[in-house]
Amino acid sequence: GSALRLRLPPDEHRRVVREALRRPPRHGRGPLLLYVLDVMELPDPVLPQLPALLGPDVPAAGVLVVGNKVDLLPADCRGHLGRLRQRVAAACARAGLRGAALVDIRLVSAKTGYGVEGLVSRLQRSWKCAGDVYLLGATNSGKSTLFNTLLRSDYCKSRAPDIIDRATVSPWPGTTLNLLKFPIINPTCDRIFRRQERLKEEATKTEDQLSSEEKKYLNQLKKQGYLVGEVGRTFQQQKSSAEIDFDPDTLSYSMDEDPRDAPKKLEEREEFTHNEVKDARWCFDTPGIVKEDCVLNLLTEKEVKLVLPSHAIVPRTFILKPGMVLFLAALGRIDYLEGEKPAWFSVLASNLLPVHVTTLSKADTIYEKHAGQEFLKVPMGGEERMKEFPPLVPQDITLKGIGATEAVADIKLSSAGWVAVTAHEEEELLLRAYTPKGTALVVREPPLLPYISTIRGARIPGTPAYRTKKPPSFVENLRTTGSR
């Protein structure tokens with residue numbers, strides 16, 4: 001739960017990852033690459049680097065792209081996941097990943113487990129145990145979270161979680177790069193059959209049939225994400241019954257003596273046997289690739305925790321007239337300069353980041369007075385913090401509306417979040433957007449969630465804001481109560 005302040009230059013990250021991928025092929029076949037992509041970061045800044053990262057001398061068997069963090073995004077209409085997958089597919093095509101090189105695209109939530117069982121089934125069905133698997137991805141894409149989730153799934157040998165857990169607190173030996181890894185289970189016909197039987201049985205359950213512990217855990221996940229799934233294990237490690245040694249000398253004592261505790265034996269560290277790993281195929285976690293021009297690189301650990309969404313994003317919609325300004329903390333600003341009619345601006349960012357609306361005449365004064373203070377929240381640290389923080393720089397944007405219910409574009413304020421702009425049909429808007437100097441501002445067309453402005457409550461009287469509205473959560477592979 002802590003953000004690691006690991007600072008490696010991008011070139012050094014690429015070198016480390018390239019060295020890992022260019023190890024001699026084992027078992028006569030190159031590795032499968034699982035590229036973890038944060039769907040909120042589309043267009044993904046690292047994806048276009050992937051072909052160059054692999055290079056002609058990397059004998060990879062293909063790339064399976066995993067779109068992560070779908071649990072954080074509300075469904076703006078029916079079929080929103082299909083549209084998200086199309087956006088990821090388009091990004092892969094632009095990056096040169098197509099045909100045989102692109103094995104598949106899967107949408108998951110490494111945190112809540114949504115889609116992970118389907119990913120495991122896909123890997124076991126197509127890749128089986130043919131070779132090693134490498135997890136790649138940008139920093140904060142959820143790559144290590146997915147590694148930990150797969151570690152506790154049917155993709156990992158049953159004895160491995162107990163051993164790997166101990167390895168996470170110290171360097172894990174086994175490669176020259178000390179990459180964290182776990183052994184992949186061999187998906188024999190019998191194992192696949194037993195796994196499918198477990199998944200079928202679980203899919204027939206309703207929420208009422210879950211144990212109290214399962215319900216409690218499920219409710220926690222529902223609070224954190226819109227899409228929830230359960231990742232289970234079909235094959236459990238059989239634990240031998242513990243033998244209790246009685247020492248008569250320690251059990252007998254006189255009335256004037258206190259009981260003496262038996263001396264504790266040193267717990268033996270569990271290790272893999274030679275036969276378990278001699279022909280093993282491994283799933284490796286690799287260092288996260290640093291995103292260049294990213295606002296997170298400018299923030300402290302405490303600020304990063306506020307900016308990165310950890311719970312389902314609740315969209316916040318405002319109706320602005322020309323001459324009005326929207327601030328997302330002190331990390332982004334959008335000015336509505338020219339237009340004939342009001343337009344809707346829907347903010348999708350961490351629920352912990354404040355949004356403030358003001359007028360053009362007051363905007364500069366508000367930023368100078370409140371940047372670094374609690375009012376705008378991030379960055380934090382007052383005047384001293386803002387002296388080292390880069391200034392906001394502008395970029396003019398022209399948009400033409402396509403309807404009062406469909407956004408024309410997203411204005412992505414680096415990794416701080418984005419604002420979906422919805423305007424009347426053929427209405428031309430002149431906007432000016434700001435992000436900190438050295439960070440990327442992207443106009444995303446088409447938008448990721450085009451109908452997001454419709455997810456809102458009633459207008460708050462006397463303000464440009466609408467009441468927020470949180471859509472319900474959906475639980476994967478769990479039958480709705482009362483359904484047949």
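The convex hull around the C-alpha trace of the range 296-472, projected and averaged over every direction, spans 9.7 square nanometres. A Cβ-based charge dipole, computed about the Cα centre of the range 288-351 with Lys and Arg at +1 and Asp and Glu at -1, lands at about 260 debye. Going down the list K111/K377; K69/K469; K291/K341, which pairs span over 29 Å between their C-alpha atoms? Correct reply: K291/K341.
Here the label points at E197 and N297, each 7 Å from Cα along the C-beta direction, are separated by 5.3 nm in the simple model.
If the segment from L210 to R432 were pulled out straight at 0.36 nm per residue, it would be longer than the present Cα-Cα gap by 74.8 nm.
Excluding same-chain neighbours fewer than eight residues apart, the lysines reachable from K181 by a Cα-Cα span under 16 Å are K143, K157, K278. Once the chain from R78 to R18 is taken as fully extended at 0.36 nm per residue, the excess over their C-alpha distance is 17.6 nm.
Here the gap between R122 and A465, fully extended at 0.36 nm per residue and compared with their Cα-Cα distance, gives a gain of 119.1 nm. For the pair the range 71-107 / the range 350-395, the C-alpha centres are spaced 34 Å from each other. The simple spin-label model puts a point 7 Å past each Cα toward its Cβ; for S310 and K362 those points are separated by 3.2 nm. Charges were assigned to the Cβ only: +1 to each Lys and Arg, -1 to each Asp and Glu. The resulting dipole of the range 296-472 about its Cα centre is roughly 640 debye.
Here the peptides 201-207, 124-130, 407-413, 361-367 are ranked by packing, the mean other Cβ count within 10 Å, and the order with the highest first is 407-413, 124-130, 361-367, 201-207.
The numbers here are math on the coordinates, done by the rules we state, and not lab data. Just so you know, these numbers come straight off a predicted model, no measurement behind them. A quick note on method: Cβ atoms are made from the backbone with ideal geometry, for glycine too, and the neighbour counts reach across all protein chains shown.
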